[in-house]
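K.L.:
Take a look at this one; I'll ask things after.
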């Protein structure tokens, strides 16, 4: 069977949107022999995530991850099965994941880049390791816990932007599980609003493309916004912050509305929003899940337990086929996904 | 018996050091009748703290606290005994504290500004409520826990600057209690170094006024600095940060070396230090204890338990008499204290 890989075909233009044609599929060639310390894997699922937009730029990447290189294989979060191993920690049939998984149908990685996973944690639903029981889940959980100051019994209202996305859909539920008395989501379609309220237990949801966000927030959060889980930035966030309470907390998780712009991260705020933060003593600290590796193991156990107990509902949008990586990424960046956008590469 | 109060007599000149004469003692006049909701207290102990330097400026104050006004009574942390009360929560003889305690021998405060305290928590040593079982203790404890990423078994080295001060002397001990394998203090005299190592269990101590900090850090922290509890800022901090490990964490608690300068808080860093933080992915988040009020109650219980068990040693420098407030503040700003600087106003 032939192997395939996805390489970076071109970069988006400065301040431009990515397009599926920024990626190119070509035949892959695996090494004939496995070197010591290396592991051969078959790819089950690959992840596309908003942060990847930053890795498409020539110069910046993210603070933590370098830019992807033209005509080289793209990498990101992936999960798969070990087919052959020359690393002591892995044997054939193991379920493994990595944040440096090449976009290939089969791949050879250094064992040190892989984590072994227990499929029982997710009742065999391996794709969850890229979402609710993976990086987006940890980002939601630790973001809420490290930056949210959520206090049971304190009658707090949480607002989540990008609420129907991989991270936002979990963050709102976790806000409730951890003790917020009300959770309101902001998203980009009526269908997403319906899912948030009917399936995930959000108290209400706002379609920013069709509704007056400020007015709807005043209605749904009459005592103000105590905690704001921000995935989007830009004018939506300015509107939310203007309705925050004294001593409130912004969880600065992502700023997807700004990723196509040539600005540093986090992007600068308008003076009026800075003034609100200052006068109301609102914290707004950047949250980076990679800074909390010491809490990842316990976090994944908590997430998997909630998922198995049915307390944390998981939404996924799954596209099939490695050749759809570019389409899936483009669609996710435009809000085409409900929950975690996944590409299924093999069964 | 006559009552006395301390008012702000003058402000330090721009970029200047405070002097005792910035404060003036005068006779106080208590209201003849207590209004509803008010409480009359006798002052036992008053606190002088580095942050107060910012309240001496005309324009800035701190983010959280407004500037003190000329010829008006100065306020800060205080502890005392209720003498008379027209507030339901307080009765004569109660031990109470406030962060808005007027620098007066006796005072009348709104009850809502007071907290009732249990003297058994500190075995009757009321001054501890201004130090180890008060704001400096909470700052050390929550600073370490919220920003330090201390992980038992991870073989971490912590460095504390301002290590013989109210907060630093506790932060180093808490770093050890929470799991650091090594704690090194930086302070300004050989006597302080001796106290840190002999009395508080620091592994080593560096006198920055007499020793080469970079060289002594290389000696005492051969694997690098994983966690840095920063009370001082300036060149000492640049030197420590240069020896931090990949993925390390700065707890940005205070910057006393910069408080006499007319710069915003936190003060800007040299480009070379910013570069180290960036390339090594070192976090450096500002820590403000007032942002964590939901964790204060549990924190004070933890601190008082450690103190009673003898696990957390308490250092105090006590000066007597309200008329010495200015002298005590000036001395503390120049490093004259070992541990918490306290003024005892009455027995």
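K.L.:
Of all the residues that make up the stretch B:295-313, how many are farther than 17 Å from residue B:79 by Cα and more than 14 Å from chain A (Cβ to nearest Cβ)?
P.N.:
Residues that pass the stated criteria total 12.
K.L.:
Now for a separate question. Going through the stretch A:85-100 one residue at a time, which ones are under 17 Å from residue A:300 (Cβ atoms) and modelled with pLDDT of 95 or more?
P.N.:
A:94, A:95, A:96, A:97, A:98
K.L.:
Residue by residue through the stretch B:41-56, note down the ones that are surrounded by fewer than 19 Cβ atoms within 10 Å (Cβ to Cβ) and farther than 29 Å from residue B:261 by Cα.
P.N.:
Once the filter is applied, which keeps residues that are surrounded by fewer than 19 Cβ atoms within 10 Å (Cβ to Cβ) and farther than 29 Å from residue B:261 by Cα, the stretch B:41-56 yields only B:42.
K.L.:
Any idea which of (1) surrounded by fewer than 17 Cβ atoms within 10 Å (Cβ to Cβ); (2) in contact with a strand residue (DSSP E or B) (Cβ under 9 Å, 6 or more places away or on another chain); (3) at pLDDT 95 or above; (4) on the phi < 0 side of the Ramachandran plot is the one residue B:347 doesn't satisfy?
P.N.:
(3)
K.L.:
Name every residue in the stretch B:314-338 that is part of a loop (DSSP other than H, G, I, E, B) and either in contact with a strand residue (DSSP E or B) (Cβ under 9 Å, 6 or more places away or on another chain) or on the phi > 0 side of the Ramachandran plot (or both), in order of residue number.
P.N.:
B:314, B:315, B:321, B:335, B:336, B:337, B:338
K.L.:
Let me ask something else. Looking only at residues that are part of a helix (DSSP H, G or I) and out of contact with any strand residue (DSSP E or B) (no Cβ under 7 Å at 6 or more places or on another chain) in the stretch B:282-291, which one is nearest to the other protein chains (Cβ to nearest Cβ)?
P.N.:
B:290
K.L.:
Could you check residue B:17 against (1) surrounded by 15 or more Cβ atoms within 10 Å (Cβ to Cβ); (2) under 23 Å from the mean Cα position of the chain (by Cα); (3) more than 14 Å from chain A (Cβ to nearest Cβ) and say which number it fails?
P.N.:
(1)
K.L.:
Among A:237, A:272, A:220, A:257, which is the only one that is at pLDDT 95 or above, more than 14 Å from every other protein chain (Cβ to nearest Cβ) and farther than 25 Å from residue A:179 by Cα?
P.N.:
Answer to the check: A:272.
Residue-by-condition table, conditions (1) away from every other protein chain (no Cβ under 14 Å); (2) in a strand (DSSP E or B); (3) under 28 Å from residue B:55 (Cα atoms):
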site: B:262; (1), (2), (3): yes, no, yes
site: B:277; (1), (2), (3): no, no, no
site: B:293; (1), (2), (3): no, no, yes
site: B:340; (1), (2), (3): yes, yes, yes
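One line per residue, one yes/no per condition, for (1) over 30 Å from residue A:228 (Cβ atoms); (2) not assigned by TED's automatic domain parsing to the domain that holds residue A:22:
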{"site": "A:66", "(1), (2)": "yes, no"}
{"site": "A:71", "(1), (2)": "yes, no"}
{"site": "A:76", "(1), (2)": "no, no"}
{"site": "A:82", "(1), (2)": "yes, no"}
{"site": "A:100", "(1), (2)": "yes, no"}
{"site": "A:103", "(1), (2)": "yes, no"}
{"site": "A:108", "(1), (2)": "yes, no"}
{"site": "A:158", "(1), (2)": "no, yes"}
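K.L.:
Let me ask something else. Listed residues A:183, A:150, A:160; which is surrounded by 24 or more Cβ atoms within 10 Å (Cβ to Cβ), under 25 Å from residue A:276 (Cβ atoms), in contact with a strand residue (DSSP E or B) (Cβ under 9 Å, 6 or more places away or on another chain) and touching a residue at least 40 places away in the same chain (Cβ under 8 Å)?
P.N.:
On inspection, the qualifying residue turns out to be A:160.
K.L.:
Okay, next question. Hey, can you tell me all the residues within the stretch A:141-173 that are within 14 Å of chain B (Cβ to nearest Cβ) and either over 23 Å from residue A:316 (Cβ atoms) or modelled with pLDDT under 95 (or both)?
P.N.:
Those that are within 14 Å of chain B (Cβ to nearest Cβ) and either over 23 Å from residue A:316 (Cβ atoms) or modelled with pLDDT under 95 (or both): A:145, A:146, A:147, A:148, A:149, A:150, A:151, A:152, A:153, A:154, A:155, A:156.
K.L.:
If we scan the stretch B:57-72, do we find a residue that is touching a strand residue (DSSP E or B) at 6+ places or on another chain (Cβ under 7 Å), surrounded by fewer than 13 Cβ atoms within 10 Å (Cβ to Cβ) and on the phi > 0 side of the Ramachandran plot?
P.N.:
Taking every residue of the stretch B:57-72 in turn, at least one turns out to be touching a strand residue (DSSP E or B) at 6+ places or on another chain (Cβ under 7 Å), surrounded by fewer than 13 Cβ atoms within 10 Å (Cβ to Cβ) and on the phi > 0 side of the Ramachandran plot.
K.L.:
Quick check on my filter: what residues within the stretch A:121-140 are surrounded by fewer than 17 Cβ atoms within 10 Å (Cβ to Cβ) and modelled with pLDDT of 95 or more?
P.N.:
Matches in the stretch A:121-140: A:125 only.
K.L.:
Do the conditions hold for residue A:251, that is, is it closer than 21 Å to residue A:290 by Cα, at pLDDT 95 or above and not assigned by TED's automatic domain parsing to the domain that holds residue A:64?
P.N.:
yes
K.L.:
Is it the case, given these coordinates, that residue B:177 is in contact with a strand residue (DSSP E or B) (Cβ under 9 Å, 6 or more places away or on another chain), in the same structural domain as residue B:286 (by TED's automatic domain parsing) and touching a residue at least 24 places away in the same chain (Cβ under 8 Å)?
P.N.:
For residue B:177, the condition - in contact with a strand residue (DSSP E or B) (Cβ under 9 Å, 6 or more places away or on another chain), in the same structural domain as residue B:286 (by TED's automatic domain parsing) and touching a residue at least 24 places away in the same chain (Cβ under 8 Å) - is not met.
The values are calculated or read from the model by the stated rules, or taken from the named source; none is laboratory data. Bear in mind the structure is a predicted one, so any value in this text is a computation, not a measurement. For neighbour counting, all protein chains shown are included, and Cβ atoms are generated from backbone atoms with ideal geometry for every residue, glycine included.
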